[in-house]
Number of protein chains: 2
Amino acid sequence: MKIKRSERLVDMTRYLLERPHRLISLTYFAKRYESAKSSISEDLSIIKKTFEDRGTGIVETLPGAAGGVKYIPTIKKENAREIIEEMCEIMNSKDRLLPGGYVYLSDMLGNPELLQKIGRVIAAQYVDKKVDAVMTVATKGVPIAQAVATYLNVPFVIVRRDSKITEGSTVSINYVSGSSDRVEKMELSKRSLARGSKVLIVDDFLKGGGTINGMRSMIAEFESETVGVTVFAEAGYNSKREVFDYTSLIRVNNIDLKDHSISVGLGNYFDEGTELA
Amino acid sequence: MKIKRSERLVDMTRYLLERPHRLISLTYFAKRYESAKSSISEDLSIIKKTFEDRGTGIVETLPGAAGGVKYIPTIKKENAREIIEEMCEIMNSKDRLLPGGYVYLSDMLGNPELLQKIGRVIAAQYVDKKVDAVMTVATKGVPIAQAVATYLNVPFVIVRRDSKITEGSTVSINYVSGSSDRVEKMELSKRSLARGSKVLIVDDFLKGGGTINGMRSMIAEFESETVGVTVFAEAGYNSKREVFDYTSLIRVNNIDLKDHSISVGLGNYFDEGTELA
């Protein structure tokens, strides 16, 4: 039985959304819906237009025998700003203050809808960077890495501070923790990252920058390349940071443990002049 | 400008897919598309039928003033079986064998498309259980918990073996590790789980069962209820297991470290008589 356009549109939309950055041949869709390629092309233009109008992303059509269609999730910068402003409001609560100038984020980083928004906003910055893998450090960065990796549709790898028996052989490096000046160790399973990979680093919170420098060394150790660094939140009040390029979605401008107050604003990604890739 | 049916179908499909288990009023859609509720209702019947035909899930319409529409992701058991059989093939590789009878899974648990499938298959077992939160233990369970929580659209909480400064006050319990008979400790941030929650436990690998028993005690400590336990893989060769109800997607039937061989098959969820909830 031939499938109606309306049903094709619904199923094709779902199919594309579930497979970002994956090239799907028109032949596949033509077979799936027992429809002519010309009809499929028309369906795709409707999806393309709707995705554009609603800021869902780009539907890219590549011509030729090896061609097909690819869905690339993006987000308009003004929408990203709105989303992150909402998160700033959630974070601007003194109840989140923890000893040592830390901020309680576990509830936010355990909320799937919120994580999807974070993942989308971060992934949109790197759609053109041909990212092969997303890297983070256990444990707090994991949900963010997973969310970003889902939108880029690439694997994520987890660097650990303690070796686990279930990792197999690991590569281990030492790094200086920026905030405490101590030398620490991190490890990555040998088989989790191929040589020559382009790696995006993400993390939940940037303070001294030591952990991220550690991950950059780790990536070099795997003869791979760091193509970007993005953190969910950075501590703006901490000046003792080692230098590398990064974007942040949120900046914690001030924490006053005496007054028990916290001030949170947009991160450097929203500074004037920063453009969406 | 009024939006055409075809564009409404594309955008509505995306909107519903991004918000599983969330009730959305028809008024919301009517305003979003500047269309009559009757047209929205017709759109929704098309989406409902397509989602049913393709095994995407259920589109539930609740009548009345407080009514609306809800998308509930499900999966047909035969499709779930196919998906998990594919994963068994990936796992049936002696290269995955690690000392101590462990199996290397980090690549699979760092693959977003695969994780989404796992999340969908596990979540589908609990659509009627009114789950309030998904719980797991750091670090390996986190990606699975996040994937399941995304489909159930509830928060996930992470129990830790080591206290972190960024967690705030924690509740700590002792538990007996089933495989080693040692007493260990696990902790959960006090504010991460509300009293009286219905909690689904998920984990990557079930061996002795000690960790899961620990999580069950933790849930009791929070005056909450364990509504289910599902693991991605279980070690079928280990008989020294403490008893609780659980489902597994994959069973590692045999590991022979001398022969350097591994044998993997479908987990107990696919045993005869087990029905999708």
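The values are calculated or read from the model by the stated rules, or taken from the named source; none is laboratory data. Computed from a predicted structure; not experimentally measured. Quick reminder, even Gly has a Cβ in these numbers, built from the backbone with ideal geometry, and neighbours come from all protein chains shown.
Go through region B:1-24 and report how many residues are farther than 21 Å from residue A:112 by Cα and of a type in the set (Ser, Thr, Tyr). Let's see the steps before the verdict.
Taking region B:1-24 and keeping what is farther than 21 Å from residue A:112 by Cα, we get B:1-10.
Filter once more, so that each one left must be of a type in the set (Ser, Thr, Tyr): B:6.
Within region B:1-24, residues that are farther than 21 Å from residue A:112 by Cα and of a type in the set (Ser, Thr, Tyr) number 1.
Taking region A:186-215 only, how many residues are away from chain B (no Cβ under 14 Å) and within 12 Å of residue A:137 (Cβ to Cβ)?
Residues meeting the conditions: 6.
At least 1 residues that are more than 24 Å from residue B:42 (Cβ to Cβ) in each: list the helices (runs of 4 or more DSSP H) lying fully within region A:1-68 that qualify. Working first, answer last.
On the way: elements: A:5-17, A:26-32, A:37-53.
Of the helices (runs of 4 or more DSSP H) lying wholly inside region A:1-68, those with at least 1 residues that are more than 24 Å from residue B:42 (Cβ to Cβ) span A:26-32, A:37-53.
Among the numbered conditions (1) in a helix (DSSP H, G or I); (2) more than 9 Å from chain B (Cβ to nearest Cβ); (3) touching a residue at least 12 places away in the same chain (Cβ under 8 Å), tell me where residue A:89 comes up short.
(3)
Given the conditions (1) surrounded by fewer than 17 Cβ atoms within 10 Å (Cβ to Cβ); (2) in contact (Cβ under 8 Å) with a residue 60 or more places away in the chain, and given that residue B:165 satisfies all but one, which numbered condition is not satisfied?
Looking at each condition in turn, residue B:165 falls short on (2).
Within region B:14-32, count every residue that is within 8 Å of chain A (Cβ to nearest Cβ) and closer than 19 Å to residue B:62 by Cβ. Outline the logic, then answer.
Of the residues in region B:14-32, the ones within 8 Å of chain A (Cβ to nearest Cβ) are B:14, B:17-19.
Applying the additional criterion that residues be closer than 19 Å to residue B:62 by Cβ yields B:17, B:19.
Number of matching residues: 2.
Among the candidates B:121, B:171, B:157, single out the residue that is assigned by TED's automatic domain parsing to the domain that holds residue B:209 and either hydroxyl-bearing (Ser, Thr, Tyr) or more than 14 Å from the chain's Cα centre (by Cα) (or both).
Details: B:121 fails: either hydroxyl-bearing (Ser, Thr, Tyr) or more than 14 Å from the chain's Cα centre (by Cα) (or both); B:157 fails: either hydroxyl-bearing (Ser, Thr, Tyr) or more than 14 Å from the chain's Cα centre (by Cα) (or both).
The unique qualifying residue is B:171.
A quick yes/no check of all residues on (1) modelled with pLDDT under 95; (2) in contact with a Pro (Cβ under 7 Å, 6 or more places away or on another chain); (3) of a type in the set (Asp, Glu); (4) surrounded by 19 or more Cβ atoms within 10 Å (Cβ to Cβ):
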{"position": "A:218", "(1), (2), (3), (4)": "no, no, no, yes"}
{"position": "A:223", "(1), (2), (3), (4)": "no, no, yes, no"}
{"position": "A:239", "(1), (2), (3), (4)": "yes, no, no, no"}
{"position": "A:242", "(1), (2), (3), (4)": "yes, no, yes, no"}
{"position": "A:246", "(1), (2), (3), (4)": "no, no, no, yes"}
{"position": "A:256", "(1), (2), (3), (4)": "yes, no, yes, no"}
{"position": "A:260", "(1), (2), (3), (4)": "yes, no, no, no"}
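Answer yes if at least one residue in region A:110-131 is farther than 29 Å from residue A:53 by Cα and more than 8 Å from chain B (Cβ to nearest Cβ), and no otherwise.
The initial filter retains those residues of region A:110-131 that are farther than 29 Å from residue A:53 by Cα, namely A:110.
Add one more test, that the residue is more than 8 Å from chain B (Cβ to nearest Cβ), and what stays is none.
No, region A:110-131 contains no residue that is farther than 29 Å from residue A:53 by Cα and more than 8 Å from chain B (Cβ to nearest Cβ).
I need the full set of residues from region A:92-109 which are modelled with pLDDT under 90, in a loop (DSSP other than H, G, I, E, B) and at the interface with another protein chain (Cβ under 9 Å from one of its Cβ atoms), in order please.
A:99, A:100
If you take the residues in region A:169-185 that are hydroxyl-bearing (Ser, Thr, Tyr) and more than 10 Å from every other protein chain (Cβ to nearest Cβ), which one is nearest to residue A:22 (Cα to Cα)?
Going through region A:169-185, the residues hydroxyl-bearing (Ser, Thr, Tyr) turn out to be A:169-170, A:172, A:175, A:177, A:179-180.
From the residues that got through so far, the ones that are more than 10 Å from every other protein chain (Cβ to nearest Cβ) too are A:170, A:172, A:175, A:177, A:179-180.
Working: A:170: 31, A:172: 33, A:175: 36, A:177: 38, A:179: 40, A:180: 43 Å.
Among them, the one singled out is A:170.
Looking at region A:125-142, which of its residues are under 10 Å from residue A:202 (Cα atoms) and in contact (Cβ under 8 Å) with a residue 60 or more places away in the chain? Let's see the steps before the verdict.
Taking region A:125-142 first, the residues under 10 Å from residue A:202 (Cα atoms) are A:134-137, A:141-142.
Selection gives A:134, A:135, A:136, A:137, A:141.
Could you look through region B:124-157, keep only residues that are hydroxyl-bearing (Ser, Thr, Tyr) and in a helix (DSSP H, G or I), and pick out the one that is nearest to residue A:97 (Cα to Cα)?
Filtering region B:124-157 for residues hydroxyl-bearing (Ser, Thr, Tyr) gives B:126, B:136, B:139, B:150-151.
Going one step further and asking which of them are in a helix (DSSP H, G or I), we end up with B:150-151.
Working: B:150: 27, B:151: 31 Å.
In this case the residue turns out to be B:150.
On the basis of being under 20 Å from residue B:9 (Cα atoms), acidic (Asp, Glu), in contact with a Lys or Arg (Cβ under 6 Å, 6 or more places away or on another chain) and not assigned by TED's automatic domain parsing to the domain that holds residue A:149, does residue A:53 make the cut?
On the way: under 20 Å from residue B:9 (Cα atoms): yes; acidic (Asp, Glu): yes; in contact with a Lys or Arg (Cβ under 6 Å, 6 or more places away or on another chain): no; not assigned by TED's automatic domain parsing to the domain that holds residue A:149: yes.
Criteria not met by residue A:53.
Take residue B:121 and tell me if it is touching a residue at least 40 places away in the same chain (Cβ under 8 Å), part of a helix (DSSP H, G or I) and not basic (Lys, Arg).
Values: touching a residue at least 40 places away in the same chain (Cβ under 8 Å): yes; part of a helix (DSSP H, G or I): yes; not basic (Lys, Arg): yes.
Criteria met by residue B:121.
More than 30 Å from residue A:44 (Cβ to Cβ), within 10 Å of another protein chain (Cβ to nearest Cβ) and of a type in the set (S, T, N, Q): which single residue out of A:139, A:150 fits that description?
Details: A:150 fails: more than 30 Å from residue A:44 (Cβ to Cβ).
Selected residue: A:139, the only one of A:139, A:150 that is more than 30 Å from residue A:44 (Cβ to Cβ), within 10 Å of another protein chain (Cβ to nearest Cβ) and of a type in the set (S, T, N, Q).
Consider region A:69-86. How many of its residues are in a loop (DSSP other than H, G, I, E, B) and either at the interface with chain B (Cβ under 10 Å from one of its Cβ atoms) or surrounded by 16 or more Cβ atoms within 10 Å (Cβ to Cβ) (or both)?
Pass one, region A:69-86, residues in a loop (DSSP other than H, G, I, E, B): A:74-76.
Now drop any that are not either at the interface with chain B (Cβ under 10 Å from one of its Cβ atoms) or surrounded by 16 or more Cβ atoms within 10 Å (Cβ to Cβ) (or both), which leaves A:74-75.
Looking only at that region, the number is 2.
Just for region A:153-168: of the residues that are at pLDDT below 90 and more than 7 Å from chain B (Cβ to nearest Cβ), which one is nearest to residue A:205 (Cα to Cα)?
Pass one, region A:153-168, residues at pLDDT below 90: A:161-168.
Now restrict to residues that are more than 7 Å from chain B (Cβ to nearest Cβ): A:161-164.
On the way: A:161: 16, A:162: 19, A:163: 22, A:164: 24 Å.
Taking the candidates together, the pick is A:161.
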